[in-house]
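Here is the structure we will look at.
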Amino acid sequence: MNIDINFLGVLIGAIMASSVPLILAASGELITERSGVLNLGVEGMMIIGAISGFALMIITDNLFLAIIGSMLSGLLLSFIFGFLTQSLLTNHVATGLALTIFGIGLSAMIGKDFVGIPGKEFPLLFVNLKEAIPLFGPIFFGHSIVFYFAFLLPFGTNYFLKKTKIGLIVRAVGDSPVSAANQGINVLLVRYCCILYGGAMCGLGGAYLSLIYTPQWIENMTAGRGWIALALVVFATWSPLKVLVGAIIFGGITILQLHMQAMGIRIPVQFLSALPYIMTIVVLVIISRDSRKIKLNTPTSLGQIFYKEK
Amino acid sequence: MYKYFLRLLASVLLLLGFSMSANAEFKVGFVYVGPTGDHGWTYQHDEGRKAVEAAGIKTTYVESVPEGADAERVIRQLAQSGHDLIFTTSFGYMDPTNKVAKDFPNVKFEHATGYKREHSNVSTYSARFYEGRTLLGHMAGKMTKTNVIGYIASFPIPEVIRGINAMTLAAQKVNPNIKTKIVWVFTWYDPGKESEAAQALIDQGADIIMQHTDSTAPVQVAEKAGVWSFGQASDMQRFAPKSILTSIIDDWAPYYVERSIAARDGTWKQQDTWHGLNEGMVAMAPYNSAMGSELVKEVEKLQKELASGKAHSFTGPIYDQKGNLLVAEGKVADDGMLAGMSVYVKGVEGDIPK
């Protein structure tokens with residue numbers, strides 16, 4: 001098997017396309033976590049986004065509405081989480097897990113009538129450039145608009161957190177909600193907004209799967225990508241740009257192992273499937289040895305219940 | 001107050017009467033491993049159940065039952081609630097089915113794809129899907145231009161390996177230059193992973209995509225890439241109208257109807273069933289006319305010969321990858337060997353993952 005330059009381009013393009021749902025969900029969850037809220041319901045919000053997007057596309061025949069709807073549905077589900085954890089002060093971990101189970105069940109129920117319907121073709125941009133330019137053509141062109149959005153998102157997120165005033169407020173709330181509240185910041189409002197934003201991005205990540213990547217609805221079609229996205233946020237040590245790198249690595253592992261199999265190179269498949277989690281643990285071990293490194297980005301109050309005395 | 005109590009009593013009695021008459025009625029229960037909407041394995045079993053219902057027999061089903069302790073509880077519950085015949089439709093239900101069967105000697109049990117019949121009220125049944133694979137191999141060998149056939153495999157169990165071997169043998173017969181490239185995805189359905197696998201195979205020169213997984217993602221990828229493909233378990237033609245040459249269909253309906261009627265009429269007997277094209281448990285979706293009328297005729301002829309027993313998917317001489325003789329010239333593989341198949345035949349590349 002000689003690897004020619006076009007094949008390499010196709011391969012890298014495939015890896016990038018497979019990392020899109022991870023980037024979207026992880027970028028959303030990152031904002032949520034930076035505000036001090038740990039929402040383990042990523043998988044649930046993604047799957048709800050997937051079915052809502054697909055259902056709306058079938059019903060309205062309008063892809064724009066489908067995308068917006070998927071984000072709204074992820075947002076709605078995250079609102080339930082927000083209400084429970086922020087207003088009713090329930091445990092973040094337990095509520096998040098329940099949200100995932102709820103999302104998977106609810107999506108299956110909504111999806112009953114949408115099984116077995118072929119999806120609609122999603123418009124791809126710059127298709128003619130894809131063939132025209134060797135190597136870079138298949139990497140950068142011939143993708144959907146969501147693809148380009150996903151690859152710009154980490155840069156936007158980075159700018160937002162580091163350079164804007166609202167970003168600073170989000171970080172303050174995540175690091176010390178008590179001091180932030182004493183400064184006159186409405187902690188609840190900030191956290192609600194971050195939770196809802198995270199939900200919307202997870203919904204979009206799910207819709208990418210059901211509308212663009214594999215245009216159809218199948219129960220449980222996110223197949224654990226939500227959990228990988230959660231691991232990814234930790235792997236990236238809560239830094240938006242590292243999310244991008246991590247998503248490409250995590251997405252690349254799957255694609256590469258399939259290609260290696262087709263080439264006849266044998267590696268234990270189970271090991272590769274476990275690799276993202278192993279890598280996350282390794283990163284956790286490394287950063288926990290150097291407390292300064294993790295403290296730079298880790299929201300100190302992550303997962304803690306904040307209660308403002310009146 | 002007294003009047004209300006009387007009314008309540010009357011309605012309770014009425015309800016009781018209903019449920020008792022319902023108990024007396026002949027009922028068939030189904031236990032599914034997946035959701036009825038998986039559009040693959042469970043979907044086809046449920047189509048079979050609907051056929052039983054259409055034959056005038058009352059049915060109930062429980063879907064998404066995990067293999068293991070839950071399965072036993074569900075099967076026991078069905079037996080207790082007055083079901084006379086229970087189909088358990090996944091390999092992992094084998095032990096629970098036999099366990100419950102022991103406690104309910106008057107209830108009949110039918111377990112799909114298993115081999116344990118520990119009590120006289122347990123039957124087993126499965127389908128000879130490999131006969132369909134032989135037909136796919138014939139078409140693939142004739143249709144390929146690149147001589148590379150891409151095969152998306154699920155788990156390294158005899159049923160999957162048998163399919164790969166049957167397909168490769170048939171393809172070699174019509175085209176000695178073909179190469180079978182296999183990607184193991186270790187899942188029955190994950191549309192994302194299946195489509196990535198299909199894309200990887202296409203990128204590496206496969207112009208035929210075959211799958212032993214349940215989602216429609218691979219055929220959709222094939223349609224987009226403009227290569228040929230085959231559907232799995234149910235007719236997937238509407239997902240890839242141009243690309244699909246045919247689909248192997250699991251048709252459980254005739255068997256389910258036959259066995260349900262036998263159980264109702266008291267003629268049900270324990271048996272081990274392994275049906276194929278002949279009995280219609282394995283059926284082929286309409287052939288795509290794009291492959292040319294000549295090839296369609298050839299395949300239809302082969303289909304008839306496989307059904308009548310004139311041809312067999314595993315006719316000797318067959319060698320394994322190392323060149324050891326598996327089946328001698330002029331012989332065909334017996335069912336015992338087919339059921340336990342765990343090596344690739346000569347011509348398949350790579351190793352079976354452990």
query: Among A:210, A:179, which is touching a helix residue (DSSP H, G or I) at 6+ places or on another chain (Cβ under 9 Å), hydroxyl-bearing (Ser, Thr, Tyr) and within 18 Å of residue A:70 (Cα to Cα)?
result: A:210
- request: Determine, yes or no, whether residue B:248 is of a type in the set (Val, Ile, Thr) and crowded, with 24+ Cβ neighbours inside 10 Å.
  value: yes
task: Kindly provide the set of residues from the stretch B:115-153 that are surrounded by fewer than 21 Cβ atoms within 10 Å (Cβ to Cβ) and basic (Lys, Arg), ordered by number.
output: B:116, B:117, B:142, B:145
statement: Taking the stretch A:207-248 and the residues there that are farther than 30 Å from residue A:120 by Cα and free of Cβ contacts under 8 Å to residues at least 24 places away in the same chain, the one that is nearest to the other protein chains (Cβ to nearest Cβ) would be A:245
Matching residues in the stretch A:237-283 - criterion: being more than 19 Å from residue A:8 (Cα to Cα) and outside any helix (DSSP H, G or I): A:237, A:238, A:239, A:266, A:267, A:268
query: Would the stretch B:196-210 turn up any residue that is closer than 20 Å to residue B:313 by Cβ, modelled with pLDDT of 95 or more and under 22 Å from the mean Cα position of the chain (by Cα)?
result: yes
- request: Look at residue B:273 and say whether it is over 21 Å from residue B:170 (Cβ atoms) and either exposed (fewer than 15 other Cβ atoms within 10 Å of the Cβ) or touching a residue at least 24 places away in the same chain (Cβ under 8 Å) (or both).
  value: yes
statement: Counted residues in the stretch A:85-112 being over 30 Å from residue B:65 (Cβ atoms) and assigned to a helix (DSSP H, G or I) come to 4
- request: With the condition kept exactly as written, say whether any residue in the stretch B:226-244 is touching a residue at least 12 places away in the same chain (Cβ under 8 Å), closer than 20 Å to residue B:111 by Cα and either touching a Ser or Thr at 6+ places or on another chain (Cβ under 6 Å) or loosely packed, with under 15 Cβ neighbours inside 10 Å (or both).
  value: no
statement: Of the candidates A:9, A:28, the one satisfying the condition of being touching a residue at least 12 places away in the same chain (Cβ under 8 Å) and away from chain B (no Cβ under 14 Å) is A:28
- prompt: With respect to residue B:258, is the statement that it is free of Cβ contacts under 8 Å to residues at least 40 places away in the same chain and either under 29 Å from residue B:90 (Cα atoms) or in contact with a Cys (Cβ under 7 Å, 6 or more places away or on another chain) (or both) true?
  reply: yes
- prompt: assigned to a helix (DSSP H, G or I) and within 14 Å of another protein chain (Cβ to nearest Cβ): does that describe residue B:131?
  reply: no
message: Being small (Gly, Ala, Ser), part of a helix (DSSP H, G or I) and over 30 Å from residue B:231 (Cβ atoms): is that true of residue A:69 here?
response: yes
query: Which of (1) buried (at least 21 other Cβ atoms within 10 Å of the Cβ); (2) more than 28 Å from residue A:160 (Cβ to Cβ) does residue A:50 not meet, given it meets every other one?
result: (2)
message: Considering only residues that are under 18 Å from residue A:99 (Cβ atoms) and either buried (at least 22 other Cβ atoms within 10 Å of the Cβ) or under 13 Å from the mean Cα position of the chain (by Cα) (or both), which ones fall in the stretch A:222-233?
response: A:222, A:224, A:225, A:226, A:227, A:228, A:229, A:230, A:231, A:233
- line: Note on residue A:39: of the conditions (1) more than 12 Å from chain B (Cβ to nearest Cβ); (2) crowded, with 24+ Cβ neighbours inside 10 Å; (3) part of a helix (DSSP H, G or I), unmet is (3)
statement: If we keep only residues of the stretch A:91-109 that are surrounded by fewer than 16 Cβ atoms within 10 Å (Cβ to Cβ) and free of Cβ contacts under 8 Å to residues at least 60 places away in the same chain, then the residue farthest from the chain's Cα centre (by Cα) is A:109
query: Would you pick out the residues in the stretch B:107-118 that are more than 15 Å from the chain's Cα centre (by Cα) and at pLDDT below 95?
result: B:115, B:116, B:117, B:118
message: Of everything in the stretch B:177-236, what is under 23 Å from residue A:5 (Cβ atoms), more than 10 Å from chain A (Cβ to nearest Cβ) and of a type outside the set (A, V, I, L, M)? Give them in sequence order.
response: B:207, B:226
query: Which number in (1) among the hydroxyl-bearing types (Ser, Thr, Tyr); (2) farther than 26 Å from residue B:181 by Cβ; (3) touching a Ser or Thr at 6+ places or on another chain (Cβ under 6 Å) marks the one condition that residue A:214 misses?
result: (2)
message: Given the condition part of a helix (DSSP H, G or I) and either in contact (Cβ under 8 Å) with a residue 40 or more places away in the chain or in contact with a helix residue (DSSP H, G or I) (Cβ under 7 Å, 6 or more places away or on another chain) (or both), answer yes or no: does some residue in the stretch B:98-107 qualify?
response: yes
query: Would it be correct to say that residue A:72 is within 14 Å of chain B (Cβ to nearest Cβ) and at pLDDT 95 or above?
result: no
message: So in the stretch B:124-174, with the set limited to residues that are of a type outside the set (Phe, Trp, Tyr) and free of Cβ contacts under 8 Å to residues at least 40 places away in the same chain, which one is nearest to residue B:232 (Cα to Cα)?
response: B:137
message: Under 9 Å between Cβ atoms, which residue pairs at least 6 apart in sequence (or on different chains) link something in the stretch A:253-264 that is within 7 Å of chain B (Cβ to nearest Cβ) with a partner that is assigned to a helix (DSSP H, G or I) and surrounded by fewer than 19 Cβ atoms within 10 Å (Cβ to Cβ)?
response: A:254/A:272; A:254/A:273; A:261/A:269
field: Single residue of B:223, B:194 found to be acidic (Asp, Glu) and either closer than 27 Å to residue B:91 by Cα or assigned by TED's automatic domain parsing to the domain that holds residue B:91 (or both)
entry: B:194
query: Any idea which residue in the stretch B:228-247 is nearest to the chain's Cα centre (by Cα), counting only those that are among the hydrophobic types (A, V, I, L, M, F, W, C) and modelled with pLDDT of 95 or more?
result: B:230
task: Examine the stretch A:182-200 for a residue that is assigned to a helix (DSSP H, G or I), within 14 Å of chain B (Cβ to nearest Cβ), under 12 Å from the mean Cα position of the chain (by Cα) and surrounded by 22 or more Cβ atoms within 10 Å (Cβ to Cβ), and state whether such a residue exists.
output: no
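The values are calculated or read from the model by the stated rules, or taken from the named source; none is laboratory data. If you're wondering where the values come from, they're calculated on a predicted model, not measured in any experiment. Cβ coordinates were reconstructed from backbone atoms using ideal geometry, including for glycine residues, and neighbour counts include every protein chain displayed.
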